[in-house]
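The values are calculated or read from the model by the stated rules, or taken from the named source; none is laboratory data. Bear in mind the structure is a predicted one, so any value in this text is a computation, not a measurement. Every residue, glycine among them, receives a Cβ derived from its backbone with ideal geometry; neighbour counts consider all protein chains shown. Accessible surface is based on the protein model in full, side chains and every heavy atom, while ligands, DNA and RNA are left aside. Shrake-Rupley method; radii C 1.70, N 1.55, O 1.52, S 1.80 Å.
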Amino acid sequence: MPNRLASESSPYLLQHKDNPVDWYPWGEEAFARAQAEDKPVLLSVGYSSCHWCHVMAHESFESEEVARVLNESFVSVKVDREERPDVDEAYMTAVQLSSGRGGWPMTVFLTPDKKPFFAGTYFPREDRGGHPGFLTICRQIALLWRTKRAEIGANAEEFALGLAQTIGRKPPATFAKFDEAFIANAVRALAADFDEVNGGFGGAPKFPPHTAIDFLLRYSRREAAPRELREKALEMALFTLEKMALGGIHDHVGGGFHRYSTDAEWHLPHFEKMLYDNALMLGNLFEAQYPVGTRLLWLLVEQFGIEPQEYGISSGPCSEMRSRLFDAARDDTIRWILREMTAPEGYFYSAQDADSEGEEGKYYTWTIQELRNLLSDRAEGVVDAYGLLKEGNFRDEASGRRSGANVLHMRPPAWGGGSRPAPDLTGELEVMRAARERRPAPMLDDKCVVSWNGLMISAWKGAHAADSVLDRLGPDGFVPHVISEAAGPGFLEDYASLGVGLYSLADWQQRLEEQNRALEPEFQAQPIGKRTSAEYRAAAESLTRRMIELFWDEEEGGFFSTSKEHEELFGRSKPVFDSPTPSGNALALRCLIEIGDYDRAWKLVNSLLGWMERAPTATEALYAAAMELLDRTDRRVVPKREDRTDLTEVVAALEPGAVVIQIPPGLHINGHRPPAKWLVPTELRFDGIEAAIDYPDGDEYRGEVRIPFRIRLPEGVARCEFEVRVNFQACTDTECQLPAEIVLTGDAEAESPGA
């Protein structure tokens, strides 16, 4: 009989609905029962594509004996860490405090008031290697709960105090200043940990260093930086991308990248595929070839075969070999995303499992005999090019045993690195993909996480996903964490990541609109979404303002990960360190820069500078965003808040056939096509009626500016009311204010030149 998890929407929780364990989802009902029955709580946290979560489930949570102990002595709670990152963060901190390491599944025992007193990760069911197994631990804790309650209570109080201090800790004090020398030190710190042989940083296991690559690519184009250090940064980034694209962490048959590599060479992966990894990989593969501002050429090349040189656009610093390799990795990742990770509604799914048929990697690995049966005489080319061995190149992670299974990874000459030309194995790989799709497939986690969708929107300009998510936001601007009927409120990362994605999409859409005006009609690309660039930007700005209201720390600066709408567990943390994804504060900083809120942006950077100085290799996303802030405010010096004076307001009025804007002395507003993308253009937006608008020329408007327009009434309509929204950004010669809007109403008559 299914347990309570059967009514949940999380794919991870649904994996456990048929366990004999009497699971509860996280919520007050579980803790009220624990209080009423005076029982401790077992908290088990994982996610749907986690291999060791599956192992512990099969060993322990499907066991009648384990279930009997848990059901008699505990209240058991199951949490999807991807749905409740706040719960995951709080109790993972407890695991790290107790053991110095973390991971999933997370196993924590709590008092009924949610305080942890014993914390760990994966436990085998039975005792092993002199260490107690899960069944022994549960029995011992049940006994201690009955006989040593005072000791457990003291331990729980100590844990709770440590959690509050850790989660609410302030950044280390620093006298540093964010400048070129500060940035260069971060590059040198990465260089000191760089693997010159295999790429990446440190040894096994190796996780894709997404934010480090992004930071290094941006630094390599930094003209103010020392040339030698720029060249080193570029080579670290490109070499790491190359090694990952060649390695088994890259799914050469089906496309996309796996979660991480268990070895230092990127050959033997943990096979789960996560949306966020592939979004960040796509962004870096694009960035390596098509730096910011030139990515539009990819669309033109894809649609029309237009050579970028015709428009004076270069494709970045990659060698020809790397360019081919990155093209292939990027394109097969996009095809995989479209084929397997895109919902009919347009948004992106979360993950694919590592396991199928009860084995990790079974879906993705091959024996040589399988290939010979499938490809006949063409098999040897694949065997040679992709490093397959008769005994298998894939080892079981726990036992180290070879099973004859192989993971494909490129070796010379498959990637053009040998003396012979690289063979074209596209046809063979396509036959293998079709055959693989006949195997039982890994489970798909089909939930839509807003923050991860924001990352993919930013990387690939996923306009259909953006439209799908925007269409599902609450009428009051409510942003959920997951798109579902019972979704809880979004976290900082949801607002900031979606905001960054929408700003990026708006910029790309604007470039497309401008490019189309310069192209012959037969070469004009279709819009990438159903909204205009101005509409995407307006949505991003609305998200940014709401983000400031909900998460900004007015006293200290920086953003909290949770708002007052969220459950508070041991305090509110400020996300500073990059995990697989950029930190919430790094993403939020990019949003502040986009709206020109430089005072608040610098307050954020300065408030977190101690962490950036202490841990440069864990805060690369903050470095990358702060570099952009430094560049922009070097050009537009922002006075300190106490030096600012209140400025007279800009006003606007309707006249027949025109909107007239009065701009007081000392201010200007940006022209309709300002010279820099971070400046907000002056625009008129008509509601309920069509109008042709003639914007005055010029980068800036001062004094009185008249913007003529001509109304178009529908056929047969003699008169109607309309609204016009005047959007603008007021600036002095040293700073820009937040964007503003004035709404005017008027009447339009047929044959009338205006209102």
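What the table below lists for this structure:
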| read-out | value |
| --- | --- |
| Residue within segment 334-352 that is open to solvent by 50 Å² or more (accessible area, probe 1.4 Å), touching a helix residue (DSSP H, G or I) at 6+ places or on another chain (Cβ under 9 Å), at pLDDT 90 or above and farther than 26 Å from GLU430 by Cα present | yes |
| Pick from segment 448-498, criterion of a type in the set (A, V, I, L, M) and farther than 21 Å from ASP277 by Cα, ranking: modelled with the lowest pLDDT | ALA486 |
| All positions within segment 238-291 that are more than 16 Å from ALA212 (Cβ to Cβ), basic (Lys, Arg) and not in a loop (DSSP other than H, G, I, E, B) | LYS273 |
| Long-range neighbours under 7 Å by Cβ, at least six apart or interchain, first residue of a type outside the set (Phe, Trp, Tyr) within segment 94-111, second open to solvent by 60 Å² or more (accessible area, probe 1.4 Å) | GLY102/GLN96; PRO105/TRP52 |
| Checking ARG673 against (1) open to solvent by 40 Å² or more (accessible area, probe 1.4 Å); (2) out of contact with any Phe, Trp or Tyr (no Cβ under 9 Å at 6 or more places or on another chain); (3) within 24 Å of ASP631 (Cβ to Cβ), the condition it does not meet | (2) |
| Neighbours by Cβ (under 7 Å, 6+ apart or cross-chain): first from segment 554-580, farther than 23 Å from TRP26 by Cα; second basic (Lys, Arg) and buried (at least 21 other Cβ atoms within 10 Å of the Cβ) | GLY558/LYS574; PHE559/LYS574 |
| Residues that are in contact with a strand residue (DSSP E or B) (Cβ under 9 Å, 6 or more places away or on another chain), open to solvent by 50 Å² or more (accessible area, probe 1.4 Å) and at pLDDT 95 or above, drawn from segment 203-250 | PHE207, LYS232 |
| Segment 21-34 residues that are open to solvent by 30 Å² or more (accessible area, probe 1.4 Å), paired with ones that are part of a loop (DSSP other than H, G, I, E, B) (beta carbon under 8 Å, 6 or more apart) | ASP22/ASN3; PRO25/GLU8; TRP26/ARG84; ARG33/LYS39 |
| Close pairs (7 angstrom Cβ cut-off, 6 or more residues apart or separate chains): touching a residue at least 12 places away in the same chain (Cβ under 8 Å) and of a type in the set (Asp, Glu) in segment 322-345, part of a helix (DSSP H, G or I) and crowded, with 20+ Cβ neighbours inside 10 Å anywhere | GLU345/SER468 |
| Any hit, segment 558-566, residues being at pLDDT 95 or above and on the phi > 0 side of the Ramachandran plot | yes |
| Residue satisfying all of: in segment 155-200; in contact (Cβ under 8 Å) with a residue 40 or more places away in the chain and among the acidic types (Asp, Glu); least open to solvent (accessible area, probe 1.4 Å) among these | ASP195 |
| Filter result (assigned to a loop (DSSP other than H, G, I, E, B), closer than 16 Å to VAL650 by Cα and open to solvent by less than 70 Å² (accessible area, probe 1.4 Å)) within segment 729-745 | GLN729, THR732, GLU735, GLN737, PRO739 |
| Enumeration of residues in segment 526-568 that are under 30 Å from ALA173 (Cβ atoms), open to solvent by 50 Å² or more (accessible area, probe 1.4 Å) and part of a loop (DSSP other than H, G, I, E, B) | GLU554, GLU555, GLU556, LYS564, GLU568 |
| Test result for GLU231, of a type in the set (Asp, Glu) and without any contact (Cβ under 8 Å) to a residue 60 or more places away in the chain | yes |
| Residues located in segment 678-717, provided they are modelled with pLDDT under 85, open to solvent by less than 80 Å² (accessible area, probe 1.4 Å) and either touching a Phe, Trp or Tyr at 6+ places or on another chain (Cβ under 7 Å) or under 20 Å from GLU535 (Cα atoms) (or both) | TRP678, LEU679, VAL680, ASP687, GLY688, ILE689 |
| Selection count where residues are hydrophobic (A, V, I, L, M, F, W, C), surrounded by fewer than 24 Cβ atoms within 10 Å (Cβ to Cβ) and in contact (Cβ under 8 Å) with a residue 60 or more places away in the chain, scope segment 461-478 | 2 |
| Members of segment 416-443 that are open to solvent by less than 50 Å² (accessible area, probe 1.4 Å) and modelled with pLDDT under 90 | GLY416, GLY417, GLY418, ALA422 |
| Complete set of residues in segment 597-618 that are open to solvent by less than 30 Å² (accessible area, probe 1.4 Å), touching a residue at least 60 places away in the same chain (Cβ under 8 Å) and over 22 Å from ALA740 (Cβ atoms) | VAL605, SER607, LEU608, LEU609, GLY610, MET612, PRO616 |
| Selected residue (criterion: nearest to LEU234 (Cα to Cα)) from residues of segment 273-307 that are at pLDDT 95 or above and among the charged types (D, E, K, R) | ASP277 |
| Single unsatisfied condition, GLU345 versus (1) of a type outside the set (Phe, Trp, Tyr); (2) outside any helix (DSSP H, G or I); (3) closer than 24 Å to ARG218 by Cβ | (3) |
| All positions within segment 141-152 that are surrounded by 13 or more Cβ atoms within 10 Å (Cβ to Cβ) and either touching a Ser or Thr at 6+ places or on another chain (Cβ under 7 Å) or polar (S, T, N, Q) (or both) | ALA142 |
| Matching residues, segment 501-516, being farther than 23 Å from ARG84 by Cβ and modelled with pLDDT of 90 or more | LEU502, TYR503, SER504, LEU505, ALA506 |
| Residue pairs meeting the criteria (Cβ under 6 Å; at least 6 apart or on separate chains; first at positive phi and assigned to a loop (DSSP other than H, G, I, E, B), in segment 354-375; second crowded, with 21+ Cβ neighbours inside 10 Å and not acidic (Asp, Glu)) | GLY361/PHE271 |
| Subset of segment 702-728 [outside any strand (DSSP E or B) and either of a type outside the set (Lys, Arg) or in contact with a Lys or Arg (Cβ under 8 Å, 6 or more places away or on another chain) (or both)] | GLY703, LEU713, PRO714, GLU715, GLY716, VAL717, ALA718 |
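Let's see how each residue does on (1) assigned to a helix (DSSP H, G or I); (2) among the small types (Gly, Ala, Ser):
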position	(1), (2)
LEU429	yes, no
ALA434	yes, yes
ARG439	no, no
TRP452	yes, no
ILE457	yes, no
ALA465	yes, yes
SER468	yes, yes
GLY474	no, yes
ALA496	yes, yes
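Residue by residue, here is whether (1) open to solvent by less than 30 Å² (accessible area, probe 1.4 Å); (2) of a type in the set (A, V, I, L, M, F, W, C); (3) on the phi > 0 side of the Ramachandran plot; (4) touching a strand residue (DSSP E or B) at 6+ places or on another chain (Cβ under 9 Å) holds:
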| position | (1), (2), (3), (4) |
| --- | --- |
| SER76 | yes, no, no, yes |
| GLU83 | no, no, no, yes |
| VAL87 | yes, yes, no, yes |
| SER98 | no, no, no, yes |
| ARG101 | no, no, no, no |
| ASP113 | no, no, no, no |
| PRO116 | yes, no, no, yes |
| THR121 | yes, no, no, yes |
